[in-house]
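Novice: One structure, as structure tokens, below. Some questions next.
The values are calculated or read from the model by the stated rules, or taken from the named source; none is laboratory data. The structure displayed is predicted, hence computed values, not measured ones. Positions of Cβ are backbone-derived with ideal geometry, glycine not excepted, and every protein chain shown enters the neighbour counts.
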Amino acid sequence: MIQGQFLVIDQIEIAHNMYRITIESDVIARGSQPGQFVQLRINEGIDPLLRRPFSIHRVHRDKKTLDLFYKVVGHGTDLMRSFKKGNTVDLLGPLGKGFVIDRNFQQAIVVAGGMGSAPMFFLIDELLCAGKKVTLYWGVKNKDEIYCIPEFKKANVEVCVTTEDGSMGHKGIITDLFESSIHIHKNKDSIRGFICGPKGMIRAMQKIAEKTGYLWQVSLEERMACGMGVCMGCSVKMKNGTNKMVCSDGPVFDLSEVLFDG
């Protein structure tokens with residue numbers, strides 16, 4: 001874990017109110033795993049007081065940079081839009097436990113919903129580097145939230161998209177599309193599943209995943225303060241009766257072990 005001031009290389013608006021910021025940090029880029037996150041101090045004052053957690057969206061180790069991806073949803077992210085090339089930002093990371101990519105499978109099913117796509121790009125890059133076949137199921141509200149599809153297809157990633165308004169791909173929600181496609185992914189021993197998205201989507205996917213017969217890892221999102229398990233503000237319930245911290249025990253967990261209320 002490293003804390004320091006790092007140079008902003010670039011920031012671009014990917015879609016309306018959705019931004020990708022590229023930061024130079026050789027040490028964080030080299031030490032990061034898919035699913036981990038950083039804590040960003042938005043400014044030097046107390047507005048906002050606490051750091052904000054951001055999934056590591058992508059890593060470019062050859063360029064010694066990492067990308068963060070965010071949507072403007074409040075005061076903190078609104079302030080981040082002012083970051084310019086040449087500015088420095090205060091980062092703490094990498095933090096948390098990421099996705100496990102081992103030799104025991106050949107095909108990866110990646111399911112992302114909305115801003116849950118943020119950590120999945122780094123994951124897909126690493127899966128491809130490990131020689132895995134990748135299928136991405138990506139659900140969003142409309143086509144303006146979709147990007148990088150040509151890049152994925154060029155890398156032989158099979159991409160299945162749903163939009164709630166029907167402006168791209170299948171109209172509907174991604175859990176319905178995946179459930180209707182379970183029969184396509186038959187070889188249970190060679191497949192692993194990975195998921196990140198809104199809690200409602202993850203809850204639905206937990207039930208669907210039981211029908212697949214293969215293991216699923218999930219990246220959870222909770223409000224965080226310290227990012228290191230000290231404040232205990234990001235506690236989640238497990239089916240075995242214990243509580244775990246998303247920031248330090250996760251954010252990646254075995255999907256079958258998480259207990260969702262309701």
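Novice: Inside the range 114-136, can you point out the residues that are in contact (Cβ under 8 Å) with a residue 40 or more places away in the chain, surrounded by fewer than 24 Cβ atoms within 10 Å (Cβ to Cβ) and not in a helix (DSSP H, G or I)?
Specialist: Of everything in the range 114-136, just one residue is in contact (Cβ under 8 Å) with a residue 40 or more places away in the chain, surrounded by fewer than 24 Cβ atoms within 10 Å (Cβ to Cβ) and not in a helix (DSSP H, G or I), namely Thr135.
Novice: Next question. Would you be able to say whether some residue in the range 163-185 is assigned to a strand (DSSP E or B), crowded, with 17+ Cβ neighbours inside 10 Å and at pLDDT 95 or above?
Specialist: yes
Novice: Could you pull out the residue among Ala15, Ala29 that is touching a helix residue (DSSP H, G or I) at 6+ places or on another chain (Cβ under 9 Å), of a type in the set (Gly, Ala, Ser) and not assigned by TED's automatic domain parsing to the domain that holds Asp125?
Specialist: Ala15
Novice: Can you go through Asn156, Asn142, Asn187 and tell me which one is polar (S, T, N, Q) and touching a residue at least 60 places away in the same chain (Cβ under 8 Å)?
Specialist: Matching residue, one of Asn156, Asn142, Asn187: Asn187.
Novice: The conditions are (1) under 23 Å from Met228 (Cβ atoms); (2) crowded, with 19+ Cβ neighbours inside 10 Å, and Ile109 fails exactly one of them. Which is it?
Specialist: Tallying (1) under 23 Å from Met228 (Cβ atoms); (2) crowded, with 19+ Cβ neighbours inside 10 Å, Ile109 fails exactly one: (1).
Novice: Then there is this: Look through Glu44, Glu24 and report the one residue that is at pLDDT 95 or above, acidic (Asp, Glu), farther than 21 Å from Glu145 by Cα and not assigned by TED's automatic domain parsing to the domain that holds Val218.
Specialist: None of the other options fit; the residue is Glu24.
Novice: Then there's this: Look through the range 204-221, keep the residues that are out of contact with any strand residue (DSSP E or B) (no Cβ under 9 Å at 6 or more places or on another chain) and outside any helix (DSSP H, G or I), and return whichever of them is surrounded by the fewest Cβ atoms within 10 Å (Cβ to Cβ).
Specialist: Selected residue: Lys211.
Novice: Still on this structure, I have one more. Taking the range 222-262 only, how many residues are surrounded by fewer than 16 Cβ atoms within 10 Å (Cβ to Cβ), part of a strand (DSSP E or B) and of a type outside the set (S, T, N, Q)?
Specialist: Here the count works out to 3.
Novice: Given the range 1-75, what strands (runs of 3 or more DSSP E) lie entirely inside it while holding 3 or more residues that are more than 12 Å from Leu92 (Cα to Cα) and either in contact (Cβ under 8 Å) with a residue 12 or more places away in the chain or in contact with a His (Cβ under 8 Å, 6 or more places away or on another chain) (or both)?
Specialist: 2-15, 18-24, 52-60, 65-71
Novice: Conditions: (1) without any contact (Cβ under 8 Å) to a residue 60 or more places away in the chain; (2) basic (Lys, Arg); (3) not assigned by TED's automatic domain parsing to the domain that holds Ser219. Lys85 meets all but one. Number of the miss?
Specialist: Evaluating Lys85 over (1) without any contact (Cβ under 8 Å) to a residue 60 or more places away in the chain; (2) basic (Lys, Arg); (3) not assigned by TED's automatic domain parsing to the domain that holds Ser219 leaves (1) as the failure.
Novice: A follow-up question, please. Answer yes or no as to whether Met201 is crowded, with 17+ Cβ neighbours inside 10 Å and over 27 Å from Gly131 (Cα atoms).
Specialist: Taking the combined requirement at face value, the residue satisfies it.
Novice: Evaluate the following for Asp102: is it outside the structural domain of Val8 (by TED's automatic domain parsing) and at pLDDT 95 or above? Before the answer, list the steps.
Specialist: Details: outside the structural domain of Val8 (by TED's automatic domain parsing): yes; at pLDDT 95 or above: no.
So Asp102 fails the test.
Novice: Sticking with this structure for a sec: Hey, among Leu91, Leu79, which residue is in contact (Cβ under 8 Å) with a residue 60 or more places away in the chain and either in a loop (DSSP other than H, G, I, E, B) or more than 30 Å from Ser190 (Cα to Cα) (or both)? I'd like the intermediate steps shown before the answer.
Specialist: Details: Leu79 fails: in contact (Cβ under 8 Å) with a residue 60 or more places away in the chain.
Answer to the selection: Leu91.
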